[in-house]
1. Could you check how much of the accessible area of the range 149-230 is carbon and sulfur, as a whole percent, using a 1.4 Å probe?
2. Taking the solvent-accessible surface of protein heavy atoms with a 1.4 Å probe, what is the per residue accessible area of the range 120-162 in Å²?
3. Over the range 1-97, what is the relative contact order in percent, taking alpha-carbon pairs closer than 8 angstrom and at least six residues apart?
4. Accessible area of the range 1-110 with a 1.4 Å probe: how many percent of it is carbon plus sulfur?
5. Rolling a 1.4 angstrom probe over the protein heavy atoms, how many square angstrom per residue are accessible across the range 166-219?
6. Under a Cβ-Cβ cut-off of 15 Å, what is the net charge of the residues other than ALA42 that fall near it, where Lys and Arg count +1 and Asp and Glu count -1?
7. Summing Lys, Arg as +1 and Asp, Glu as -1, what charge do residues with Cβ under 12 Å from the Cβ of GLY68 carry, GLY68 excluded?
8. So for ARG50, ARG159, what's the accessible-area order with a 1.4 Å probe, most first?
Amino acid sequence: MPGHTLDMSRKHRLFDLIILLLLAAIVLSSAWIYRDFAQDDAYITYRYARNLARGDGFAFNPGEPILGTSTPLYTLLLATLAKVSGQQVHEISHIVGAISLWAAGATLYYLGKDRGRWTAAAIALVYSSSAFLMTSVGMETLFLLALMMLSLKTYLDGRVTLAGILLGMLVLTRYECILFAGLLGVHFWLWRKKAPTWLLATALVCLPWLIYAWSTFGNAIPHSALTKLADSAAGHGYPFTTGAMIWWRVYALDSPG
């Protein structure tokens, strides 16, 4: 019986390794196919990162304190890696995106494997090869999704302080992710019947950036977002439902089959 258990354990580890290698193969193939692709919006973040790496400050145009990027953490990450490696920002972004795609797929697999390895493997492989995700190559989306998966995994594993730190990083990648942090906080309160005090770690991670943004730009909200909000309030632009339908139509046309 112990020998049978050991044999099954080896088979499970081998299966895990095969899935991780398949995910890596998918990610490397996607990285090669989309090596020269990036959304136009990504170049705003690239310029902020490039200027920051050069020592010109967190600015689109040096000397002009305007917050134009909606992903401060991703900008800081690209700038730091560009400074250390000497590589071009857009190349670094593609590498970070590829690593993030693999990490998210692997985490997704480990999140579900206890309920069925084959099902978890299928979900992870479909996720990593999604045509929808490929439209976000070069942007912060893949990095954001990896952080989201990792924060969820650490939360479910009971490492709530680490989850709080990762959620802080997630919020600094995209402010909207504060809703995800809030959902986990509500889940913790209903499940454990305790206040989610570990979310203080989330707030502490975000606090330095908020202080810097308010003192430097006078606002923590990107200028582009403020413009869109103003247009929406004035009755300009597309309603959410119309925009969602347009986006779905574009996705349907770009997806194979």
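1. Numbers: 3570 of 4740 Å².
Using a 1.4 Å probe with all protein chains present, the range 149-230 comes out at 75 percent carbon and sulfur.
2. Details: 1640 Å² over 43 residues.
That works out to 38 Å² per residue.
3. On the way: 61 pairs, mean separation 20.3, N = 97.
Reported as a whole number, the value is 21 percent.
4. Values: 3960 of 6200 Å².
The nonpolar share, carbon plus sulfur, comes to 64 percent.
5. Details: 3220 Å² over 54 residues.
So the range 166-219 comes to 60 Å² accessible per residue, rounded to a whole number.
6. Charge balance in the 15 Å sphere: -1.
7. Working: positive: ARG47; negative: ASP41, GLU64.
So the environment of GLY68 carries a net charge of -1.
8. Working: ARG50 85, ARG159 120 Å².
Final ranking, largest accessible area leading: ARG159, ARG50.
The values are calculated or read from the model by the stated rules, or taken from the named source; none is laboratory data. Small disclaimer: the values here were computed from a predicted structure and weren't measured. Every residue, glycine among them, receives a Cβ derived from its backbone with ideal geometry; neighbour counts consider all protein chains shown. Areas reflect the complete protein model, heavy atoms only, side chains present, ligands, DNA and RNA absent. Shrake-Rupley method; radii C 1.70, N 1.55, O 1.52, S 1.80 Å.
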